[in-house]
1. Would you please list the contacts, defined by Cβ atoms under 7 Å and residues six or more apart or on different chains, that run from a residue in segment 1-15 that is more than 15 Å from W125 (Cα to Cα) and touching a residue at least 40 places away in the same chain (Cβ under 8 Å) to a residue that is surrounded by 10 or more Cβ atoms within 10 Å (Cβ to Cβ) and among the hydrophobic types (A, V, I, L, M, F, W, C)?
2. If R326 meets every condition in (1) without any contact (Cβ under 8 Å) to a residue 24 or more places away in the chain; (2) closer than 29 Å to R197 by Cα; (3) over 22 Å from the mean Cα position of the chain (by Cα) apart from one, which number is that one?
3. So L293 clears everything in (1) farther than 25 Å from V49 by Cβ; (2) free of Cβ contacts under 8 Å to residues at least 12 places away in the same chain; (3) under 23 Å from the mean Cα position of the chain (by Cα) except one condition, right? Which one?
4. For the subset of segment 114-160 comprising residues that are farther than 28 Å from Q93 by Cβ, assigned to a loop (DSSP other than H, G, I, E, B) and of a type in the set (D, E, K, R), which member is farthest from the chain's Cα centre (by Cα)?
5. Are any residues in segment 309-325 in a strand (DSSP E or B) and over 15 Å from G383 (Cβ atoms), and if so, which ones?
6. Give segment 327-361 a look and list any residue that's touching a strand residue (DSSP E or B) at 6+ places or on another chain (Cβ under 8 Å) and assigned to a loop (DSSP other than H, G, I, E, B), or say none.
7. Here are some residues: V241, V296, V246. Which one is in a loop (DSSP other than H, G, I, E, B) and either farther than 29 Å from A135 by Cβ or modelled with pLDDT of 95 or more (or both)?
8. Check every one of the helices (runs of 4 or more DSSP H) wholly within segment 20-113 and list those with 2 or more residues that are within 24 Å of the chain's Cα centre (by Cα) and surrounded by fewer than 22 Cβ atoms within 10 Å (Cβ to Cβ).
Amino acid sequence: MSALSSRAAGIEPSRTIAMNQRARELKAAGRDIVDLTVGEPDFHPPAHVREAATRAIAEGADRYTPVAGEIVLREAVSRKLLRDSGLSYPAAQILASCGAKSALSNALLALAGPGDEVLIPTPAWLSYAEMAKLAGAVPVFEQTTAADGYKLRPERLAAALTTRTRVLILCTPSNPTVLARFPDVWILSDEVYERIRYVPEVPSPASIPAIADRVIVVGGLSKSHALTGWRLGFLAGPKAVVDACVAIQGQTTTCASSITQRAGIAALDGDQAPVAAMAAAFRVRRDRASARLAAVPGLRVSAPDGAFYLFPDVSALFGSEWRGVRIEGSDDFCLYLLEEAGVALVPGSAFGDDACVRMSFAASDAAIDLALDRIEAAVLALGNH
């Protein structure tokens with residue numbers, strides 16, 4: 001067989017998906033596994049969104065759409081950005097895509113290339129670095145700390161920027177005002193969790209006048225409206241960048257699902273009460289789960305400002321042994337939990353912080369409580385060995 005390309009050979013598979021797949025395999029083999037690996041809301045999409053999709057099918061909305069998305073959808077995104085974030089983007093500066101991941105990938109392909117650096121504060125979603133590699137760029141990681149709330153300090157950001165820095169990736173909420181002093185750096189603002197936050201409103205980087213013309217805003221409906229499998233995301237930014245992303249998408253995925261686009265209009269313009277209800281449920285789960293984990297000897301955890309993940313620090317347990325195997329890092333600890341306690345988490349090494357593991361609380365209350373019981377028992381068992 002001929003060799004793969006160097007680009008394909010250099011891409012690391014998603015360890016979130018790998019852990020999820022291992023959990024599925026164990027379940028199929030009859031094991032009782034609590035899977036908290038994937039960030040997928042356990043709710044169904046709001047009823048009015050599902051009804052809009054049904055109508056779209058009945059009305060025959062099953063043709064290709066424009067690459068950038070139906071104009072009525074992009075206008076709905078425009079209204080959403082103005083309503084929720086105070087951002088003014090006309091439809092011509094908006095692209096609909098097959099999920100926010102596709103939008104992020106399009107943007108990195110449009111903005112970065114060989115020799116460029118993409119600055120990524122960590123812990124970070126593991127796909128950012130791989131997308132940068134696909135663009136031919138070099139991912140550069142800047143570690144943040146729990147003490148700083150995993151926010152990138154202005155002085156650390158300024159020190160990390162170089163003449164090769166092309167893109168800074170931020171995940172809301174963040175404050176990149178220091179970039180006003182670095183006019184050649186693009187800001188890729190991942191705002192997919194902006195409706196699932198537990199702090200007062202945080203402005204988008206695109207609302208900062210000094211840098212607004214260098215910000216690309218990415219959003220989607222997978223998290224806020226539980227449309228994970230429906231695949232609809234979007235980006236907004238300067239027209240030249242959006243036009244480049246449209247050209248790239250036109251040669252790859254073409255357009256987002258026509259049915260999902262119709263449903264997306266209903267999601268964006270319709271009743272937002274179900275979104276608020278989901279966010280409220282996630283807040284309750286966050287508070288309960290973080291309190292329980294913080295009470296377990298050997299674990300340290302702080303409640304996040306947004307999204308639905310906890311990153312407990314498990315490094316105090318490194319050096320423990322179980323059945324002759326020494327736990328040296330987050331990968332070992334996650335394997336221990338999966339094989340011995342039947343709980344699937346994702347190692348922090350996948351996100352740039354080997355001291356931690358990631359637990360999604362986008363799951364039922366019963367599943368979360370069972371997982372917490374098992375995690376506590378497993379950690380206490382390590383202390384006895």
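1. Between residues of segment 1-15 that are more than 15 Å from W125 (Cα to Cα) and touching a residue at least 40 places away in the same chain (Cβ under 8 Å) and residues that are surrounded by 10 or more Cβ atoms within 10 Å (Cβ to Cβ) and among the hydrophobic types (A, V, I, L, M, F, W, C), the close pairs are R7/L134.
2. Condition (2) is where R326 drops out.
3. (2)
4. Of everything passing the filter in segment 114-160, R153 is farthest from the chain's Cα centre (by Cα).
5. Passing the criteria: Y309, L310, D313, V325.
6. I327, G329, G342, L345, G352, D353, D354, A355, F361
7. Numbers: V241 fails: in a loop (DSSP other than H, G, I, E, B); V246 fails: in a loop (DSSP other than H, G, I, E, B).
Every option except V296 fails the conditions.
8. Working: elements: 47-58, 71-85, 100-111.
Answer list for segment 20-113: 71-85, 100-111.
The values are calculated or read from the model by the stated rules, or taken from the named source; none is laboratory data. Just so we're clear, the structure is a prediction, and the values are computed from it rather than from any experiment. Note that each Cβ is placed from the backbone with ideal geometry, even for glycine, and that neighbours are counted across all protein chains shown.
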